[in-house]
1. Out of region 119-146, which residues are more than 16 Å from Ile43 (Cα to Cα) and of a type in the set (A, V, I, L, M)?
2. Where residues in region 163-195 are in contact with a Pro (Cβ under 8 Å, 6 or more places away or on another chain) and of a type outside the set (D, E, K, R), which of them is farthest from Asp130 (Cα to Cα)?
3. Any chance region 148-164 includes a residue that's within 19 Å of Asp41 (Cα to Cα), touching a Phe, Trp or Tyr at 6+ places or on another chain (Cβ under 9 Å) and small (Gly, Ala, Ser)?
4. Would you point out the residue of region 155-190, among those that are of a type in the set (Lys, Arg) and more than 21 Å from the chain's Cα centre (by Cα), that is nearest to Ala81 (Cα to Cα)?
5. Tell me, which strands (runs of 3 or more DSSP E) wholly within region 64-153 include 2 or more residues that are surrounded by fewer than 23 Cβ atoms within 10 Å (Cβ to Cβ) and in contact with an Asp or Glu (Cβ under 6 Å, 6 or more places away or on another chain)?
6. Looking only at region 19-34, count how many residues are farther than 13 Å from Thr3 by Cα, β-branched (Val, Ile, Thr) and not in a loop (DSSP other than H, G, I, E, B).
7. Identify the residue in region 35-63 that is assigned to a helix (DSSP H, G or I) and acidic (Asp, Glu) and, among all such residues, is farthest from Arg128 (Cα to Cα).
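Since every read-out is calculated from the coordinates, none of them should be taken as a lab result. Values in this document were obtained by computation on a predicted structure and should not be read as measured data. Note that we place each Cβ from the backbone using ideal geometry, even for glycine, and neighbour counts take in every protein chain shown.
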Amino acid sequence: MRTAEISRNTNETRIRVAVNLDGTGRQAIDTGVPFLDHMLDQIARHGLFDLDIQCQGDTEIDDHHTVEDVGITLGQAFAQAVGNKAGLRRYGHSYVPLDEALSRVVVDFSGRPGLEFHVPFTRSHVGRFDVDLTREFFQGFVNHALVTLHIDNLRGRNSHHQCETVFKAFGRALRMATEIDPRSGGSVPSTKGVL
């Protein structure tokens, strides 16, 4: 079973994340930030990961700590669940449209954190959600999952659509990258022999 459960408690947030990489897209998500919950649901459903994410954060101040810390904790859970990466496809990519919006996400479970985030949001908020926090989520994930991640919104006029295509494409790219390649013979996909 490629699963992990991580708890992270700080003065700003209390988070528990459980992930099953070989799930069916089941989710139980409550972060206290409804739009983030909606985006995390996209990861579960389109990645076919089982996700249980519970967070109590200082949202009375701002959503920043919650969004960033959920990204950190989810990254830690993925890093633990993939283990030594033997047999992993390693790379994943996806293009996802939603009406006028189109996003591309490419991921490499390289063992090296790197984020290229190019999303020209057309407005600052979706409801009460500050779209600047989207990058903070992915930076937290990248730093702790130790992946290289390229996110490009290629077109879009509606910020909700832009954000949703990013998270859907992220889920699908993660699904591809974390699948076991039956042709690999269980080897680590690197000339170094480790990732």
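1. Val119, Val126, Val131, Leu133, Leu146
2. Among residues in region 163-195 that are in contact with a Pro (Cβ under 8 Å, 6 or more places away or on another chain) and of a type outside the set (D, E, K, R), the one farthest from Asp130 (Cα to Cα) is Leu195.
3. yes
4. So, considering only residues that are of a type in the set (Lys, Arg) and more than 21 Å from the chain's Cα centre (by Cα), the one nearest to Ala81 (Cα to Cα) is Arg183.
5. Hits in region 64-153: 91-98.
6. Residues in region 19-34 being farther than 13 Å from Thr3 by Cα, β-branched (Val, Ile, Thr) and not in a loop (DSSP other than H, G, I, E, B): 1 in total.
7. Across region 35-63, the extreme among qualifying residues is Asp41.
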